[in-house]
Structure formats: C-alpha cells, structure tokens
Amino acid sequence: PDERSLVLIKPDAVRRGLVGEIISRFERKGLRIDALEIRTLDGGFADQHYAEHVDKPFYPPLKTFMTSGPLVSLVLSGDQVIEVVRAMIGSTDGRRAAAGTIRGDLSLSNRENLVHASDSTDSAKREIALWFPTLG
Ligand code: CMP
C-alpha cells in the first residue's frame, strides 16, 4: 500500500549541486513528490527534527552542519516508500554504503551524507507533521 516518507536533501548536497541528481533518482524509481521546499534551518527546528539524537555526542557538529545552509525537504509517496527510499540511500556512513546507493556513490562521510529519510511509519508521521503541517 502507498505510504509517505519525509526526505531531506542536506546542505552538503545543495552546496555540491547534487539536488537534481538525487531527486532524479527518486523520480526514475517511480516515487511521487507530494511536497517540496527549500529552507535554511534554525537550531530549534534542528533539535525538533533530531529529537532522538540531541543528547548524542555526534549531535552538536550535526546541528552545525544541518543549519549551515539551505536544504531541500520533500515528501515522497509510493508503495513501501519508507523501505524503498532507505534502500536507495544506503547505510549512514558513505564510506561503507553500498555502491549503487546515493551515499555509496556520492558521499565519503558519516555526517555529511547527503540525505535523510524517515526510518519507520511512526517517524514518517512525526516528521511530515513537523515539516509540512498543512499537508493533507
Ligand atoms: P540521518 O539519517 O539524518 O540521521 C542522523 C544523522 O546523524 C545521520 O543521518 C548522520 O548525518 C549523522 N550521524 C549519525 N551517526 C553519526 C556519527 N557516528 N558521526 C557523525 N554523524 C553521524
């Protein structure tokens, strides 16, 4: 059944000119774009998005990175989109992510890893409500 996922194309991807490449991969897969926006986060919003990570040691530099410039947020939909998008993105650390995935092909970092995607139906629901509160 169709579901939705919240995807972020992070500031490193915007700086590197990879927005089109990344969106193109999702479009070619057959996923639909239900919402899309570009914005620069403030620290409070980053804390809300990463509520489960705010106490972790990697969070302060992650917050600096995520607020360092514009990012693109989008809601994708399609059959099992949450799992499909996570498979397309690859594992967190770009150095270890499989070739063929976005991170595996385009990132060498475990922080500046180009993309975020919801990891469960619960987090998708929470993240979509946070980023696109008016989306029906
Ligand atoms: P993301 O999918 O957005 O979820 C949490 C983010 O924290 C992750 O992608 C990475 O950008 C970052 N991250 C996770 N683990 C580490 C780590 N060990 N060191 C640095 N950054 C990390």
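What follows is calculated from the coordinates using simple rules that are stated; it is not laboratory data. Note that the coordinates shown come from a computational prediction; the quantities given were computed from them, not determined experimentally. Note that each Cβ is placed from the backbone with ideal geometry, even for glycine, and that neighbours are counted across all protein chains shown.
Mind checking whether some residue in segment 63-78 is among the hydroxyl-bearing types (S, T, Y) and touching an Asp or Glu at 6+ places or on another chain (Cβ under 6 Å)? Yes, there is a match, as at least one residue in segment 63-78 is among the hydroxyl-bearing types (S, T, Y) and touching an Asp or Glu at 6+ places or on another chain (Cβ under 6 Å). If the condition is being assigned to a loop (DSSP other than H, G, I, E, B) and either surrounded by 19 or more Cβ atoms within 10 Å (Cβ to Cβ) or not hydrophobic (A, V, I, L, M, F, W, C) (or both), then segment 103-112 contributes S107, S109, N110, R111, E112. Of all the listed residues (S109, S120, S91), the sole one being in contact with a helix residue (DSSP H, G or I) (Cβ under 8 Å, 6 or more places away or on another chain) and within 16 Å of I9 (Cβ to Cβ) is S109.
What about G78, is it surrounded by fewer than 14 Cβ atoms within 10 Å (Cβ to Cβ), small (G, A, S) and on the phi > 0 side of the Ramachandran plot? When the stated conditions are applied, G78 does not pass them.
Within segment 15-56, the set of residues being on the phi > 0 side of the Ramachandran plot and buried (at least 16 other Cβ atoms within 10 Å of the Cβ) is empty. Collect the residues in segment 113-133 that are crowded, with 18+ Cβ neighbours inside 10 Å and of a type outside the set (G, A, S), keeping them in residue-number order. N113, L114, V115, H116, E127, I128, W131, F132, listed by residue number.
Considering F26, F58, the condition of being aromatic (F, W, Y), over 22 Å from T134 (Cα atoms) and in contact with a strand residue (DSSP E or B) (Cβ under 9 Å, 6 or more places away or on another chain) is satisfied by F26 alone.
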